[in-house]
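Working notes, beginning with the structure itself.
The values are calculated or read from the model by the stated rules, or taken from the named source; none is laboratory data. Quick caveat: nothing in here was measured; it's all calculated off a predicted structure. Cβ placement follows ideal geometry from the backbone for every residue including glycine, while neighbour counts extend to all protein chains displayed. For accessibility, only protein heavy atoms count, side chains too; no ligands or nucleic acids. Shrake-Rupley method; radii C 1.70, N 1.55, O 1.52, S 1.80 Å.
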Amino acid sequence: MAHTITLVPGDGIGPEVADATRLVVEATGIDVVWEVHHAGAEVAEKRGTTLPPEVIESIRRNKVALKGPIGTPIGKGFKSVNVTLRQTLDLYANVRPIKSLPALEPRFEGTDIVIVRENTEGLYAGLELMIMPGIAQSIKLITEPACTRICEYAFAYAERMGRHRVTVIHKANIMKLSDGLLLECFRRVAQRHPRIEPFEMIVDACAMQMVRDANKLDVIVTENLYGDILSDLGAGLVGGLGIVPGSNIGEQAAVFEAVHGTAPDIVGKGLANPTALIQSAVMMLHHMNEPRAADRVARAIVENFRSGGPRTPDLGGSASTMEFAGALARRVAVSPA
Ligand code: ATP
């Protein structure tokens, strides 16, 4: 049966890494139909909206999307497309595996952390006001249902993936009510998952722990902003933004996207590393119940780096985006099904 996937190439390097990812996914031979829709800063100039309704409709219909990075024109009154998509489709769990690849000289060999970030609330709720000229306020919205749901997701994920520990990252010593509520929900949910060890850590201590010895961490669950910042820190530990994938999961739909942004400094030069979006596609293939295709792509990435295959310039190589993707696609095509 053919899988129909909504593809949103996005802005900046988005179309380049999306083309590369298509090539590698198609090399698996699975039957895929890409329903391409555009959103972002370029669309806004033509349509007056960064997120045309057909994008949401397509994702709702297909239930799965692959998305490049999307820029939000600043100072023109547009709300972030990424935030709007996550809120509209209630993609509440942002899952970002931070895993070392071979031969990339990561800071720590064998780093393997998964960040589960609450995706719909916190300071991203968009509740901001100018109280008076010179005084602005951003409201950090935290609710019990959202905290419980994200903690449940993290523990269930840990159980499903054979993980051992879930650490909640918070700053409840200062934000006693909002982060305190997250902590309370975490403790309650942990009792329902006795096979997984619960652990609590303050966000600043977590940042230091990640830099000093990331291998002590397993699954992390946290609120929106801490998850955003710690993901980039994690990316830095394992080789940079060019390789770290992500997924936004809800009950009705899932959107797979890299952690990186539009990278305006390298657009159109063939310098973009598509590994992050290709690894997001691996997560997508698992989600679509195509584990063999997912494993073939994942293996091709690992074998490429282990065997000294092509690399893009961010990783010290000289391959262009499509040369790198072509090499991966050839590996996938000849790998055992
Ligand atoms: P945005 O405003 O969309 O977040 P940004 O430039 O602030 O864009 P990123 O796009 O995340 O943030 O990029 C940060 C840095 O990492 C840039 O120097 C960029 O070139 C580099 N970078 C990000 N993604 C990649 C990639 N896939 N391949 C190579 N370099 C990348």
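Here is how the numbers come out for the structure above:
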item	result
Calculated Rg and Dmax of the range 105-238 using C-alpha coordinates, Å	15.6, 53
The chain: Cα Rg divided by the 2.2 N^0.38 Å rule of thumb	0.98
The range 105-238 - percent relative contact order, Cα under 8 Å, separation 6 or more	39 percent
Estimated dipole of the range 184-315 in Debye, rounded to 20 [Cβ of Lys and Arg +1, of Asp and Glu -1, Cα centre]	480 debye
Under-5 Å amide H pairs with Val221, H placed in peptide plane, nonlocal only	Val116, Thr167, Val168, Ile169
Prolate/oblate/rounded label for the range 1-153 (Cα gyration tensor, a/c 1.5)	oblate
Long-range amide H partners of Ala272 with built H, under 5 Å	Thr321
Among beta bridges that DSSP assigns inside the chain, antiparallel share in %, nearest 5	40 percent
Label-reachable residues, the range 215-250, where backbone N falls under 19 Å from a point 7 Å from Leu127's Cα toward its Cβ	223-227
Charge dipole (debye, nearest 20) of the range 105-238; +1 at Cβ of Lys and Arg, -1 at Cβ of Asp and Glu	360 debye
Amide H contacts of Ala39 (H built 1.01 Å from N, under 5 Å, at least 5 apart or other chain)	Gly10
Burial order of peptide ranges 251-264, 300-313 (average beta-carbon count within 10 Å, highest first)	251-264, 300-313
Shape of the range 250-337, Cα gyration tensor, a/c cut at 1.5	oblate
Computed helical MRE - 222 nm, the chain, DSSP H runs ≥ 4 contributing -39500 (n - 2.57), nearest 500	-13000 deg cm²/dmol
Relative packing of peptides 132-138, 91-97, 181-187 - highest average C-beta neighbours within 10 Å first	91-97, 181-187, 132-138
Positive-pole candidate from Thr4, Ala298, Phe78, dipole of the chain, charges at beta carbon	Ala298
Residue of Lys140, Lys99, Lys269 that the Gaussian network model of the chain assigns the largest fluctuation, springs spanning Cα pairs under 10 Å	Lys269
Unpartnered cysteines - no second Cys beta carbon under 4.7 Å - across the chain	Cys151, Cys206
About the Cα centre, charge dipole magnitude for the chain (Lys/Arg +1, Asp/Glu -1 at Cβ), debye	420 debye
The chain, accessible surface, carbon-and-sulfur percent (1.4 angstrom probe)	55 percent
In Hz, Karplus ³J(HN,Hα) per residue of the range 327-337 (6.51, -1.76, 1.60; θ = phi - 60°; x = Gly, Pro)	5, 5, 4, 5, 4, 4, 4, 9, 6, x, 6
